[in-house]
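Student: What follows is a single structure, and I will ask about it in a moment.
The values are calculated or read from the model by the stated rules, or taken from the named source; none is laboratory data. Keep in mind that what you see is a predicted model, and the values were worked out from it rather than measured. Neighbour counts run over all protein chains shown; Cβ positions are idealised from the backbone, glycine included.
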Amino acid sequence: MTKAKKPGSPEAWESGELGENAHSAKAASAETTQAINDALGLQMISIRLPKSVIEDFKVIAQIEGVGYQPLMRTALMRFAECEAKRVMREYAAQRESEKKAAMVASSTSGRGARRTKASVDRPEDRKVA
């Protein structure tokens with residue numbers, strides 16, 4: 001004997017009986033939508049994109065079995081994360097380069113200052129080999 005599916009059961013959701021058509025779905029209230037967005041850290045934006053880009057995302061999303069908007073969100077998040085890492089690496093490398101240049105400048109300026117002060121080549125300034 002098989003169990004009868006109950007409305008709202010996990011079986012009904014997984015089979016697609018619920019959630020895959022307008023008959024079994026209803027719009028969430030504005031308060032619920034805002035609470036979900038706040039909990040997930042989401043903010044609605046408006047952006048104009050070339051139609052070809054949207055169509056590409058729709059095709060990829062269909063192949064992957066996901067919605068195209070979540071796919072776009074994931075792609076943007078991946079891009080932003082990678083770009084942030086790249087920018088921080090470049091910034092760190094630039095700071096390290098500036099730090100090394102400052103150390104070299106300070107170490108050579110000290111020697112240069114002593115040499116320029118001496119008007120003649122004094123024996124005590126020479127290194128003995």
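Student: Exactly one of these conditions fails for SER46: (1) of a type in the set (Ser, Thr, Tyr); (2) surrounded by 12 or more Cβ atoms within 10 Å (Cβ to Cβ); (3) farther than 25 Å from ALA12 by Cβ. Give me its number.
Tutor: (2)
Residue-wise test of (1) at pLDDT 95 or above; (2) under 21 Å from the mean Cα position of the chain (by Cα).
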| site | (1), (2) |
| --- | --- |
| ALA4 | no, no |
| SER9 | no, no |
| TRP13 | no, no |
| ASN21 | no, no |
| ILE45 | no, yes |
| PHE79 | yes, yes |
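Student: Another question, then. Looking only at region 55-64, decide whether some residue is in a helix (DSSP H, G or I) and either assigned by TED's automatic domain parsing to the domain that holds GLU20 or loosely packed, with under 10 Cβ neighbours inside 10 Å (or both).
Tutor: Yes; the residues of region 55-64 include at least one that is in a helix (DSSP H, G or I) and either assigned by TED's automatic domain parsing to the domain that holds GLU20 or loosely packed, with under 10 Cβ neighbours inside 10 Å (or both).
Student: Take region 34-67 and flag every residue that is under 20 Å from GLU20 (Cα atoms) and of a type in the set (Gly, Ala, Ser).
Tutor: Answer for region 34-67, where residues must be under 20 Å from GLU20 (Cα atoms) and of a type in the set (Gly, Ala, Ser): ALA61, GLY65, GLY67.
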